[in-house]
Amino acid sequence: MQTKKLGLWLEKLSPDYPLMIAGPCSAETEEQVLKTARGLIDRRIQVFRAGVWKPRTRPGNFEGHGKKALPWLKKVKEETGMKIAVEIANAHHAELALQYDIDILWIGARTSVNPFAVQEIADAIKGSGKIILIKNPVNPDLSLWIGAVERFDKVGVTDLGVIHRGFSSFRPGLYRNEPNWQIALDFKSLFPNIPMILDPSHICGRRDCIYDMAQMGLDLQYQGFMIETHYNPDEAWSDAKQQITPGTLLQIIDKLCLRKQQFKDPEAIDKLEFYRSQIDRLDDELLNLLAERMKIAEEIGRIKKKRSVAVLQSKRWLQIMQRAVDKAKDKNLSEKFIQLIFKAIHQESIEKQEQIFREK
């Protein structure tokens, strides 16, 4: 990627970090769009967003007004001076958005999962000079996310950014979409010059945790936010529970704390280095213990092979997991955390034993 040119658009659009993109989930009426936009006139809010085409899980729900709503957004730009952002899901959407001079186009999570659609959109906006933001795919697949970004890079789009909106999960949890922070942090590590925007609205799925999620985003050095706002969120035509009023958004912005990125106090630096050295030592111990555990798993695999016993022993696996969860409670470790670790260990153990079964 042309890494030297990536991210320059953010410096121009939002020299005062962070970037703030706000507006309703859906553009419902011209009055609703303009009334919401007027409530967002603030130097700290640079971009107005609204859903024009709404990909819905099931037919019959409001799917957006499409082209009809684009002139409403143009009025917002003329009246408020804010840049305008819309989601596009195919090449036709892209062409219409360019026709109405939309400033920022974002690729939704349901589209970024489809390489064919992404490529068609990339070809359609090639040479337009527009800013392209790509949401993570609905499923937790880092390579698919990277691939979507690469398709735009290959057609010469340098004004690129990504949006972390969380990942779908089959099991109900605290959030509408699981943050899976490590996937986003892995992306940031691989492409530090590509700005990453956090979408607290879609991660939370409800308005009461928007502030906490946004503050965590700042703590993790995200460069901006996309937050759904509506002048009357309880009456919104889509995703009412996760939208907030413009006034609430301004209160959240006032409360957000932009922390220092580095320590400057010598005493704090010394303490930090001490604790980091302790972590390094403990990490070495963990790796040694894991290696020792895998050797034992291999020995168990040899016994199973010799006696033609199946690799997976479900009853034993459930005993191991339950024992780990029970012990975790006494050590102030969350059940979810322990389950993730032990499932990964179990998977590696299975693969080790499968290798032994394949040996001649």
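The values are calculated or read from the model by the stated rules, or taken from the named source; none is laboratory data. The structure presented is a predicted model; accordingly, all values stated were derived computationally and were not measured. Here Cβ is always computed from backbone atoms with ideal geometry, including for glycine, and neighbour counts include all displayed protein chains.
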Just one listed residue, out of 79, 87, 120, 95, is acidic (Asp, Glu), under 21 Å from the mean Cα position of the chain (by Cα) and in the same structural domain as residue 32 (by TED's automatic domain parsing), and it is 87
If you check residue 40 against the conditions, is it over 18 Å from residue 133 (Cα atoms), surrounded by 14 or more Cβ atoms within 10 Å (Cβ to Cβ) and either of a type in the set (Phe, Trp, Tyr) or in the same structural domain as residue 238 (by TED's automatic domain parsing) (or both)?
yes
Of the residues in region 228-244, those that are touching a His at 6+ places or on another chain (Cβ under 9 Å), within 17 Å of residue 29 (Cβ to Cβ) and either surrounded by fewer than 22 Cβ atoms within 10 Å (Cβ to Cβ) or of a type outside the set (S, T, N, Q) (or both) number 4
Looking across region 178-218 at residues that are modelled with pLDDT under 95 and in contact with a Ser or Thr (Cβ under 7 Å, 6 or more places away or on another chain), the single one that is surrounded by the fewest Cβ atoms within 10 Å (Cβ to Cβ) is 193
Examine region 248-255 for a residue that is assigned by TED's automatic domain parsing to the domain that holds residue 23 and either at positive phi or hydroxyl-bearing (Ser, Thr, Tyr) (or both), and state whether such a residue exists. yes
Requiring at least 2 residues that are assigned by TED's automatic domain parsing to the domain that holds residue 16 and among the aromatic types (Phe, Trp, Tyr), the helices (runs of 4 or more DSSP H) wholly within region 155-245 are 181-190
- Query: Based on what the data block shows, is residue 11 more than 19 Å from the chain's Cα centre (by Cα), more than 14 Å from residue 246 (Cβ to Cβ) and at pLDDT 95 or above?
  - Reply: no
Within region 35-51, residues being outside any loop (DSSP other than H, G, I, E, B), under 23 Å from residue 224 (Cα atoms) and of a type outside the set (Ser, Thr, Tyr) number 7
Scanning region 98-117 for residues that are within 21 Å of the chain's Cα centre (by Cα) and without any contact (Cβ under 8 Å) to a residue 12 or more places away in the chain gives 114
Margin query: Scan region 26-44 and tell me whether some residue there is in contact with a Cys (Cβ under 8 Å, 6 or more places away or on another chain) and at pLDDT 95 or above.
Written below: no
